[in-house]
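Each value in this text was obtained by applying a stated rule to the coordinates, not by laboratory testing. For clarity, every value in this text was computed on a predicted model and none was experimentally measured. Cβ placement follows ideal geometry from the backbone for every residue including glycine, while neighbour counts extend to all protein chains displayed.
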Amino acid sequence: MGMRDSTSRNYVLAGIAGGLVVLVIGGVLIATGVINSGKTTQVVRETSVAVPSSNLDGESSSKTSSGMPTVEEIYKADGPGVVFIQARVGDQTSSPFGTGQTGTATGSGLVIDTKGNILTNAHVVEGASEIAVRFGDSNLIPATLVGQDPSTDLALIRVDPKATKLHPLPLGDSSKIQVGDPAIAIGNPFGFDRTVTTGIISALQRQIEAPNHFTINNVIQTDAAINPGNSGGPLLNAQGQVIGINSQIATGGNGNGNVGIGFAVPINTAKAAIPQLEKSGRVAHAFLGVTTAGLTGDDAKSLNLPTNKGALVQEVTEGSPADKAGIKSGGTQLAGGLVAGGDMIVKVDNRAITKPDDIATVLATKKPGDKVVVQFYRGNKLKSTTVTLGNRPASVDSGSQSTQDPFPFP
């Protein structure tokens, strides 16, 4: 989450994507988002609350019983690579958070190399005219924006490597983490520099909404306390390796504080984005151009479809790759909002599609211009078409549609 400072009246921001934006107006105000999953959930961008702990097993020795470093050791080793970020923002009327104000956004970031590159959330520096970074108790030093990707809520900024001693953090492999693994967050919640909190990996393969309203997939859920100001900071494993970038929290609709449900963008997602951000300042994402929904067995039976394993097309963006390839949406809206009559996608690139999320999983491995074969049922007849994938639009609002279920939160 990020935090913003403003001199105007108290104003709770309406946010939407990974990470939190907060206005400090004589106090702290948190930007929230609402994701519809059958119940209202506020998504607050930022993170962290200090929880004293000598190590993950509650021991006081220098090493845990498994030989892993203690939380204290991880904090001492990785803390110097976690930075405080301050961004001067202008008129935010075009921001997905809809602040319509000016002020200062704050968040966290992590050093990834000795060239001065720092990884953070896109929403922390979104719309910034000036960016500055602080290492520990040192003075703020200027930083420049290298690139940002609203679709994954990631941004890369850079400081002069001669301006300070850089301490790159080791990047882990988010594909190897499991539910129940230890998790450690370091960040700057509410302006408290380098706060460390601990917990576990609570769930995997979650989804959150990005600043441009597309869906971020394979997100890590943790109960390590994260709060406004933690956005862009690292989520670490028991070895002190970065496994995620803290981005959002769910509050359950009962306030703006942490309730033990935080979300981090996987570090493997960041690893794929960083080279493109360095090279061109942006990330190209493959685009199909459909909105889909999952079906229950009863849904499939009532619609006379041969299977409920797949993704029922709800909308096809006009002029999109799917539209050009002849994929059809339905025209009959049923009770509950489901649109009937569209194609039921069951395979993309020869990979089985059992639910809408699977389409995004396939597309994440592709790039614009790639060709994929899409198999689908039109009624009871199995058909296929070859689609040349396009370049994802800047946002869903620009006339495009997500390839995900309209209600991505599980």
- Query: residue 72 to residue 373: FRET efficiency via 1/(1 + (r/R0)^6), r the Cβ-Cβ distance, R0 51 Å, to the nearest 0.05?
  - Reply: 0.45
- Which lysines have a Cα less than 29 Å from the Cα of residue 328, not counting those fewer than 8 places away in the same chain? 301, 309, 347, 355, 366, 367, 371, 381, 383
- Message: With the crude spin-label approximation of a point 7 Å out along Cα→Cβ, what separation in nm comes out for residue 113 versus residue 259?
- Response: 4.1
- Mind checking which of 291, 316, 345 is farthest towards the positive end of region 286-398's charge dipole, using Cβ charges of +1 (Lys, Arg) and -1 (Asp, Glu) about the Cα centre? 345
- Run the dipole for region 286-398 about the Cα centre, Lys and Arg Cβ at +1, Asp and Glu Cβ at -1, nothing else charged, and hand back the magnitude in debye, nearest 20. 420
- Task: Give the long-range amide H neighbours of residue 70: residues separated by 5 or more places, or on another chain, with amide H under 5 Å away, using H modelled in the peptide plane at 1.01 Å from N.
- Result: 64
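Please find the FRET efficiency linking residue 388 to residue 178, where r is the Cβ-Cβ separation and R0 is fixed at 30 Å, and quote it to the nearest 0.05. Please report the intermediate quantities before stating the final value.
Values: r = 37 Å, r/R0 = 1.25.
Efficiency, rounded to the nearest 0.05: 0.20.
Quick one, can you get me the convex hull of the C-alpha atoms of region 136-244 expressed as volume per residue in Å³?
Details: hull volume 12.8 nm³, N = 109.
Normalising the Cα hull of region 136-244 by residue number yields 117 Å³.
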